[in-house]
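J.: Next up is a structure, given as structure tokens.
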Amino acid sequence: KPLDLSDDDHFKFIEICSQYKIKPTTTIFTRSRLKFIEKLNLDLLKISSFDCASFKMIEEVAKTNINHIIISTGTTYDDEIEKTVKILKSYKKNFSLLHCVSIYPTPISYANLNRINFLKKFTKSVGFSDHSRSEVDGIKLSVASLLFDVDFIERHFTILDKSSTKDGVVSLNPNELKELVKISKKDKTQIKEYLESNFKNYSDSFGADRRELSHEEILNRDYYRGRFASINSNGDYIYNWEDKDIQ
């Protein structure tokens, strides 16, 4: 809770993004915040991995005027991804899917970048949410994902010392982010040259396009899905995946 932004902070954030010509976005964590998020007039909204299967939330977001929805797919079963896609398509929403392994940090051998190709069966717009250990693996996995023609790369980012922030272990610093942006503008031949020089066994990160969730991912699924809920007028908690109306 101490890390939460106030409502005023959100508007200030959007103002700063506009000043620097950056497209602002945020992640919705509880259904009760949707009315406020609509006031931000965002073009882009993200739904976290742990809500990819929160179909009630997905439908409520799809009904808004938000133009583009990005859904991360970590800890989500294939049939749940398919159902979420059907909901979004039924409302004719622009959307992108992010391949994500919800292990923090994610070992290179667990990356399964070929999963990006599986997600492209549902939509042409697919990205990669990278939670690899930044001090060990740097931007290697993010660069390797560029070989799969991703539209988005999500990375945690910090200007603080990485040891002083909870997400520091998976976060990029300004120089690392700058380097990733620079490389992302290169062609595939140049990207492969970078990988061959800095990540010789980069194909080890490809894996399979289909796989079972690991024990750790299933634990994370249950933990995070239980962290966020809306409070109804009668004081009852309503979780994002429950098919109940919030009053």
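The values are calculated or read from the model by the stated rules, or taken from the named source; none is laboratory data. Quick caveat, the model's predicted, so the values are computed rather than measured. Don't worry about glycine lacking a Cβ; one is built from the backbone with ideal geometry, like all the others, and counts go over all protein chains shown. The protein model used for the area step is the full one, side chains on, heavy atoms only, and it has no ligands, DNA or RNA in it. Shrake-Rupley method; radii C 1.70, N 1.55, O 1.52, S 1.80 Å.
J.: Output the qualifying pairs, or none if there are none: Cβ atoms under 7 angstrom, residues six or more apart or on different chains, first residue in region 218-230 and surrounded by 13 or more Cβ atoms within 10 Å (Cβ to Cβ), second residue of a type in the set (A, V, I, L, M).
T.: The qualifying pairs are 229/238; 230/238; 230/246.
J.: Let me ask you something else. Criterion first (open to solvent by 60 Å² or more (accessible area, probe 1.4 Å) and either touching a Phe, Trp or Tyr at 6+ places or on another chain (Cβ under 9 Å) or farther than 21 Å from residue 188 by Cα (or both)) does residue 124 satisfy it?
T.: No.
J.: For residues that are surrounded by 11 or more Cβ atoms within 10 Å (Cβ to Cβ) and of a type in the set (Ser, Thr, Tyr), tally how many sit in region 189-209.
T.: The total comes to 4.
J.: Could I ask something else about it? In the set 186, 182, which member is of a type in the set (Lys, Arg), open to solvent by less than 100 Å² (accessible area, probe 1.4 Å), more than 22 Å from residue 110 (Cα to Cα) and under 24 Å from the mean Cα position of the chain (by Cα)?
T.: The unique qualifying residue is 186.
J.: Still on this structure, I have one more. Which one is farthest from residue 30 (Cα to Cα) among residues in region 54-72 that are open to solvent by 10 Å² or more (accessible area, probe 1.4 Å) and touching a residue at least 40 places away in the same chain (Cβ under 8 Å)?
T.: 70
J.: With respect to residue 143, is the statement that it is out of contact with any strand residue (DSSP E or B) (no Cβ under 8 Å at 6 or more places or on another chain) and open to solvent by less than 20 Å² (accessible area, probe 1.4 Å) true?
T.: yes
This table checks each residue for (1) more than 28 Å from residue 171 (Cα to Cα); (2) surrounded by fewer than 19 Cβ atoms within 10 Å (Cβ to Cβ); (3) of a type in the set (A, V, I, L, M, F, W, C).
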site	(1), (2), (3)
38	yes, yes, no
47	no, no, yes
51	no, no, no
84	yes, no, no
87	yes, yes, yes
98	no, no, yes
102	no, no, no
116	no, no, yes
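J.: Residues in region 156-164: is at least one surrounded by fewer than 17 Cβ atoms within 10 Å (Cβ to Cβ), among the hydrophobic types (A, V, I, L, M, F, W, C), part of a loop (DSSP other than H, G, I, E, B) and over 14 Å from the mean Cα position of the chain (by Cα)?
T.: Yes, that holds for at least one residue.
J.: On to the next question. Pairs under 9 Å by beta carbon, first residue over 20 Å from residue 129 (Cβ atoms) in region 77-99, partner part of a strand (DSSP E or B) and open to solvent by 10 Å² or more (accessible area, probe 1.4 Å), six or more apart or different chains?
T.: Filtered contacts from region 77-99: 89/95.
J.: Name the residues in region 180-210 that are among the acidic types (Asp, Glu) and out of contact with any helix residue (DSSP H, G or I) (no Cβ under 9 Å at 6 or more places or on another chain), would you?
T.: 187, 193, listed by residue number.
J.: Checking the structure you have, find out if any residue of region 4-24 is assigned to a strand (DSSP E or B), of a type in the set (A, V, I, L, M) and either in contact with a strand residue (DSSP E or B) (Cβ under 8 Å, 6 or more places away or on another chain) or without any contact (Cβ under 8 Å) to a residue 24 or more places away in the chain (or both).
T.: So far as region 4-24 goes, no, none of its residues is assigned to a strand (DSSP E or B), of a type in the set (A, V, I, L, M) and either in contact with a strand residue (DSSP E or B) (Cβ under 8 Å, 6 or more places away or on another chain) or without any contact (Cβ under 8 Å) to a residue 24 or more places away in the chain (or both).
J.: Quick one: is residue 212 part of a helix (DSSP H, G or I), open to solvent by 40 Å² or more (accessible area, probe 1.4 Å), under 30 Å from residue 54 (Cβ atoms) and out of contact with any Asp or Glu (no Cβ under 8 Å at 6 or more places or on another chain)?
T.: No.
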